[in-house]
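The values are calculated or read from the model by the stated rules, or taken from the named source; none is laboratory data. All of these numbers come straight from a predicted model, not from anything done at the bench. All Cβ positions, glycine included, derive from the backbone under ideal geometry; neighbour counts span all protein chains shown.
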Amino acid sequence: MQLHGHTIAVCSWSLQPAGMADLVSKVNELGLQHVQLALGDLVMLDDKRKHQELGHLRAAKIQFTGGMIAFAGEDYSSIDTIRRTGGFVPDDSWPLRLRIARQAAALASEMGMKHVMTHVGFVPPARDPKHAVIVDRIRQVASILAEHKLDLLMETGQEPAHELLAFLSDLKSPNVHINFDPANMILYGAGDPIEAVKLLGKHIHHVHAKDATASSKPGTEWGSEVPFGTGQVNAARFLGALKEIGYAGPLSIEREAGNQRMADVRSAIETIRSSGK
């Protein structure tokens, strides 16, 4: 599906599929052909089961806007807990998560993907002694992906846009870019998503269509995720800002709350259809 020059996709994890056959069924029901695919569970399968699961995707000719990896042990119960447990920051989880990233890169390459997206974790400020450690870790991950001709996409939200821009400058890794999620900017209390789009500009290589409302204590307590078009992102302004920076890549609909996922994704499609006029 193409709307206003963008390929419309859905994040596989948003549909909570029982397996790849179920994912294919739900994607077809939505009238879509493109998916941003969660890789974490797939890389944990034995070769026979993985071949069977990937076979469903290949037979259905599902196309991918990219892959995603998340990690066991990441605790999103509060902003404080994910700050301590997220991404490549925790020391005790680093070796295993690096290994998973390596396996995900091989799988993404096998499936013909161009990038793998993840939350890299809360990056310590430049004055923090651990800043250099995290920079080095993410360079290592980026280097592994580069071996497979893949980009690493860091998802927005955990840092304000200007800090993320500074971090990209520190990394100096040519295959590291941004997966822009406007709702996360609001959920984490990290700033105005429209202004962030304009600041990050050319670094944005993939976009989530996702919405949220802010908490009364931004940055300390979570905001609330809501169906795209019903929160504070302002879909029309958001799509306009993407057009202004020249972004013509995919819009992958993400919904991580509620029990009406299919209906919410359909609603998001209609919001994009009407907001881009």
Limited to segment 166-200, what total is found for residues that are assigned to a helix (DSSP H, G or I) and under 26 Å from Ala214 (Cα atoms)?
-> 16
So Gly66, is it farther than 29 Å from Arg99 by Cβ and either acidic (Asp, Glu) or touching a residue at least 60 places away in the same chain (Cβ under 8 Å) (or both) = no
Evaluate the following for Ser25: is it among the polar types (S, T, N, Q), at pLDDT 95 or above and in contact with a helix residue (DSSP H, G or I) (Cβ under 8 Å, 6 or more places away or on another chain)?
-> no
Identify the residue in segment 209-238 that is small (Gly, Ala, Ser) and in a strand (DSSP E or B) and, among all such residues, is farthest from Val10 (Cα to Cα).
-> Ser224
Flagged in segment 239-265 as of a type in the set (Lys, Arg), outside any loop (DSSP other than H, G, I, E, B) and either more than 15 Å from Val10 (Cβ to Cβ) or under 16 Å from the mean Cα position of the chain (by Cα) (or both), in numbering order, are Lys243
Of the residues Gly67, Gly31, which single one is more than 21 Å from the chain's Cα centre (by Cα) and either closer than 28 Å to Val120 by Cα or in a loop (DSSP other than H, G, I, E, B) (or both)?
-> Gly31
Residue that is surrounded by the fewest Cβ atoms within 10 Å (Cβ to Cβ) [pool: residues in segment 259-275 that are touching a helix residue (DSSP H, G or I) at 6+ places or on another chain (Cβ under 9 Å) and farther than 17 Å from Lys26 by Cα] | Ser274
Would you pick out the residues in segment 102-124 that are surrounded by 12 or more Cβ atoms within 10 Å (Cβ to Cβ) and not hydrophobic (A, V, I, L, M, F, W, C)?
-> Arg102, Gln103, Ser109, Lys114, His115, Thr118, His119, Gly121, Pro124
Meets criteria (part of a strand (DSSP E or B) and of a type outside the set (Gly, Ala, Ser)) for Leu96 | no
Among the residues of segment 122-144, is there at least one that is touching a Leu at 6+ places or on another chain (Cβ under 7 Å) and part of a loop (DSSP other than H, G, I, E, B)?
-> no
